[in-house]
Amino acid sequence: MEEKKILVIEDEKPIADILKYGFEKEGFAVRCAYTGAEGFAAACKEPPDLVLLDWMLPDINGVDVCRMLTEQYRIPIIMLTARGSVEDKLYGLESGADDYITKPFDLREVVARVRTILRRFDKARATSEEEPLVCGHLTVKEQEHCVYKHGQLVSLTPKEYELLVCFLRHPRQVFTRTALLDRIWGYDFMGDTRTVDIHVQRIRKKAELDGMLVTVFGVGYKYVPQ
């Protein structure tokens, strides 16, 4: 199996060292960066398979680094922070993060979350098809893990991509928020159903799906082609 590369962006060196030691022990290749600028540059130079990103960095905060990365790359990102309120979690997820872990954390949990996200990401790649999925003005090239709108590439986070493909592949099927959390984020995800609402809102805007990605009040969402 190919060695997975983890980039840790964490300004507290003891925490970065613990993460590096723990993940290397589990067979991962780990690089550490101690500022937002250093981490962003490291990701651009050699894109990792996943980023563990601290929220409170000394130069650029983690939320801004997350947005910068997701605008250019399709890299799964897990936010690490001592800020544990629901509002903070939603704000972190809205920035493009795929998961959110509060400090202090159990290293075993972090490793498990990372493995879950990487498995889902690898599965999406492995099950890609030769023929693109065409739905109106959208074209999904699953081998490239990309979505095009009127021929122009749409910048989506990994979870936004998975969620959009789920809707496009099941037109008119109603999905509850809980079902979408289980399907896209996995059973061990610690967030709540508002995570789905945030991602749907972003997909509507980015993919121009107003009137097609429909809210079924009291239930969830469905995609209705026009």
(Q) I need the peptides 196-203, 147-154 ranked by packing, meaning the mean over residues of other C-beta atoms within 10 angstrom, with the highest value on top. (A) 196-203, 147-154
Q: Report the label-to-label distance for residue 45 and residue 201 in nanometres (one decimal), using points 7 Å from each Cα along the Cα→Cβ vector.
A: 3.8
**Q.** Beta bridges per DSSP with both ends in the chain, % antiparallel, nearest 5
**A.** 50
**Q.** Taking the chain and dividing mean pair separation by its residue count, relative contact order in percent (alpha carbons under 8 Å, at least six apart)
**A.** 14
Q: Would you mind putting 66-78, 99-111 in packing order, based on average other-beta-carbon counts within 10 Å, highest first?
A: 66-78, 99-111
Q.
If neighbour count is taken as other Cβ atoms inside 10 Å, put 195, 157, 215 in order from fewest to most.
A. 215, 195, 157
(Q) Under the 0.36 nm per residue contour assumption, what length would be gained going from the current alpha-carbon distance of residue 71 and residue 224 to full extension? (A) 52.3 nm
Q.
Classify the range 19-133 from the C-alpha gyration tensor, please: rounded if a/c falls under 1.5, else prolate or oblate depending on whether a/b exceeds b/c.
A. rounded
Q.
Can you tell me the length gained on complete extension of the stretch residue 12 to residue 60, counting 0.36 nm per residue apart and subtracting the Cα distance?
A. 15.8 nm
(Q) Helix-only estimate, please: 222 nm mean residue ellipticity of the chain, summing -39500 (n - 2.57) across DSSP H runs of length 4 or more and dividing by its residues, to the nearest 500. (A) -12500 deg cm²/dmol
Q. When only C-alpha pairs under 8 Å and at least 6 residues apart count, what is the relative contact order of the range 129-223, in percent?
A. 26
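No lab work stands behind these numbers, since they all come straight from the coordinates. Just so you know, these numbers come straight off a predicted model, no measurement behind them. For neighbour counting, all protein chains shown are included, and Cβ atoms are generated from backbone atoms with ideal geometry for every residue, glycine included.
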